[in-house]
Amino acid sequence: MNDSYTGGMKDDYAQDFDLIRDAAQEAGKLALSYWGRSIEKQRKADGSEVTEADHAVDALLAARLRRTRPSYGWLSEESAEHNERLRARRVWVVDPIDGTRAFIQGRDDWVIALALIEDHTPVLAAVVNPVRGEMFEARAGAGTFLNGRRLRASAQSSLSGAKLTVSDSLLKPSRWRRPWPPVTPVRADSIIYRLALVASGKADASFATKPKWEWDIAAGALLVSEAGGIVTDPCGFPLKFNSREAKVPGYVAAAPKLHHILVERMGDALDGAPVAQGHKTTT
């Protein structure tokens with residue numbers, strides 16, 4: 001491994017970082033073997049779809065991560081809930097395929113996302129987009145990298161002209177008290193991939209005003225923060241992970257000079273006021 005990733009890291013973190021990176025790459029190859037062909041799929045209770053590929057990747061990651069670190073908690077979109085994670089200091093948070101709809105449709109804007117949470121904060125992340133050949137990785141205090149190249153969030157300081165990667169319906173005028181200035185949409189079905197685009201500077205910001213599952217956010221939040229961006233809940237408070245409900249109350253992830261502008265904008269949302277999660281972050 002490149003020394004830029006491991007210098008000064010605790011031995012156990014170094015081993016965990018190797019483990020999470022290797023598992024992500026192996027899972028990417030497995031998912032790619034299902035992509036672009038007819039596969040079995042089902043509807044979950046919330047109406048979203050899940051495929052045999054989701055389950056296969058989940059099983060692989062559980063075998064690699066849970067068996068190697070049995071004392072760590074486990075939270076995955078496609079695994080049964082285990083409340084034991086709430087008593088664990090370190091917890092794996094996994095989304096076997098984030099962007100399942102894109103995966104089913106044969107598009108390339110889906111990823112596999114893994115994060116290690118320690119004391120409610122992401123400390124390691126590995127996100128792989130196997131179709132595009134992209135491997136994003138980050139560890140707390142050491143930066144974010146894409147295929148070995150260090151990433152930096154953008155220097156965008158104005159909402160006008162900003163590149164926003166959000167759900168297609170989120171900027172509809174009917175959802176906001178004030179009209180938005182002209183912005184440039186950057187499409188990605190996967191929330192984690194939207195956050196990776198913010199970390200890489202290909203997008204200036206991403207946000208959501210409604211609660212999101214932790215596995216949709218955790219790995220991407222570390223990518224953005226380690227690239228110099230800022231990630232909070234919609235009220236500007238730090239995000240906390242490994243909660244009992246396994247959700248965060250929405251998020252704002254943005255270039256450092258743009259973040260406070262977006263947080264102020266979140267108060268204009270007409271589909272419910274954002275709910276704060278913790279103590280406010282100064283920007």
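Each value in this text was obtained by applying a stated rule to the coordinates, not by laboratory testing. These numbers come from a predicted model, not from an experiment. Every residue, glycine as well, gets a Cβ built from its backbone with ideal geometry; the counts of neighbours run over all protein chains shown.
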Check: Ordered by residue, what ³J(HN,Hα) values in Hz, to whole numbers, does the stretch 124-140 give under the Karplus form 6.51 cos²θ - 1.76 cosθ + 1.60, where θ = phi - 60° and Gly and Pro are x?
Finding: 9, 8, 9, 10, 10, 10, x, 5, 8, x, 10, 10, 9, 8, 7, 9, 4
Note to self: Helix 52-61 against the longest principal axis of the chain: what's the angle in degrees, Cα atoms only, rounded to the nearest 10?
What the structure shows: 70
Checklist line | Simple label model, 7 Å out from Cα along Cβ direction - residue 169 to residue 152, nm | finding: 3.9
Margin query: Taking every DSSP beta bridge with both residues inside the stretch 163-266, roughly what % is antiparallel (nearest 5)?
Written below: 75
Checklist line | Karplus-derived 3J(HN,Hα), 6.51/-1.76/1.60, for each residue of the stretch 155-163, Hz, glycine and proline x | finding: 9, 4, 10, 10, 5, 5, x, 5, 8
Next item on the list: Check cross-link reach from residue 257 to the lysines: straight Cα distance under 18 Å, and skip same-chain residues fewer than eight apart.
Entry: 163, 202, 280
Notebook entry, point to check: Ranked by Cβ crowding within 10 angstrom, fewest neighbours first, how are 104, 97 ordered?
Noted result: 104, 97
Check: What are the residues whose amide H is under 5 Å from the amide H of residue 247, where those residues sit 5 or more places off or on another chain and H is modelled from the backbone?
Finding: 214
Next item on the list: Measure nothing but the geometry: give the 0 to 90° angle between the long axis through the Cα atoms of 191-200 and the longest principal axis through the Cα atoms of the chain, rounded to 10°.
Entry: 80
Checklist line | Amide H contacts under 5 Å for residue 76, placed H, 5+ residues apart | finding: 94
Item checked: Rounded to 5, the percent of DSSP beta bridges in the chain classed as antiparallel -> 85
Notebook entry, point to check: Relative contact order for the chain: what is it in percent, counting Cα pairs under 8 Å that are at least 6 residues apart?
Noted result: 15
Checklist line | Karplus 3J(HN,Hα) series, Hz, for the stretch 216-223 with 6.51 cos²θ - 1.76 cosθ + 1.60 (x for Gly, Pro) | finding: 7, 10, 3, 4, x, 4, 5, 4
Notebook entry, point to check: Taking neighbour Cβ counts within 10 Å as the exposure measure, how do 123, 231 sort from fewest upward?
Noted result: 123, 231
Checklist line | Amide hydrogen neighbours beyond the local backbone of residue 201, cut-off 5 Å, H modeled | finding: 154
Note to self: Below 8 Å, C-alpha to C-alpha, sequence gap of six or more: please give me the relative contact order for the stretch 28-154 in percent.
What the structure shows: 16
Margin query: Just to verify a number: FRET efficiency for residue 132 and residue 40, C-beta to C-beta distance, R0 = 22 Å, to 0.05?
Written below: 0.30
